[in-house]
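Written below as structure tokens is the structure these notes are about.
Values in this text are rule-based calculations from the coordinates and carry no lab data. This one's a predicted model, so the numbers in the text were calculated from it and none came from an experiment. Every residue, glycine among them, receives a Cβ derived from its backbone with ideal geometry; neighbour counts consider all protein chains shown.
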Amino acid sequence: MAVAAVQSAVLGWMVWERVQLLRHGREITLETAPVDPRSLFRGDYVRLGYDVSRLDAALLDDPGVRRGELPRNGVLYVTLKQDEDGKWKPREISRSLRPVKSASEIVLKARYDRIWAANLVNVRYGIERFYVPEGSGREIEDLGRNAERRLAVVVSVDAGGNAAIKRLMLDGKVLREEAPL
């Protein structure tokens with residue numbers, strides 16, 4: 001009974017944490033492009049790529065990371081700043097969570113992947129997959145590959161930099177929405 005109670009509590013905590021993030025996190029919109037829409041075991045999803053996932057190594061505040069001293073999957077915090085046209089651009093990469101300096105900044109928690117030869121740091125934010133109803137992954141992929149269309153996601157971000165996708169947008173209109181319980 002005790003093991004079942006602990007397992008139920010852990011699952012409940014995971015659901016509650018996600019619901020709180022979606023309900024109360026700060027929203028930002030990131031432009032994206034679909035990469036791959038299908039998983040045999042998990043169903044249809046759209047795998048998303050972001051410009052803010054490939055970062056200039058010069059933004060790193062720690063030269064040790066540039067030398068490859070950070071292990072793969074190590075935590076990094078990426079500070080994004082919203083420019084005049086509303087796009088979010090990377091401003092700084094740090095190993096520690098730092099407070100934002102203005103309302104036009106936000107921090108995303110990322111996992112370090114690797115540094116490319118061109119001094120690009122590749123990171124993952126945990127928002128690279130968006131699950132969709134069966135049979136619609138290819139359709140969304142095709143819409144996103146059309147150069148005349150603009151695919152974006154609305155992301156909810158909490159104070160710790162954790163992010164969750166709230167909505168998938170196409171040309172400013174809601175295409176799919178992830179509703180909290």
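Values computed for the structure shown
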quantity	calculated
Test item: Cα-centred dipole of the chain, Lys/Arg +1 and Asp/Glu -1 on Cβ, debye	360
For region 107-114, 3J(HN,Hα) per residue [Karplus equation, 6.51 cos²θ - 1.76 cosθ + 1.60, θ = phi - 60°, Hz, x = Gly/Pro]	10, 10, 7, 10, 10, 5, 10, 5
Qualifying chymotrypsin sites (Phe, Trp or Tyr not before Pro) for region 87-135 [loop in DSSP, other Cβ within 10 Å: at most 13]	TRP116
Proxy reagent accessibility, fewest Cβ within 10 Å first, across MET1, MET14	MET1, MET14
Quarter of the Cα convex hull surface for the chain, i.e. its orientation-mean projected area (nm²)	12.9
Loop-located trypsin sites (Lys or Arg not before Pro) in region 98-181 whose Cβ has at most 11 other Cβ within 10 Å (DSSP)	LYS101, ARG149
Cα lying deepest toward the dipole's positive end in region 52-123, options PRO90, ASN73, VAL123, charges on Cβ	ASN73
FRET efficiency estimate (nearest 0.05) - Cβ-Cβ, ALA9 to ASP171, R0 41 angstrom	0.45
Amide hydrogen neighbours beyond the local backbone of LEU48, cut-off 5 Å, H modeled	VAL35, ARG129, PHE130
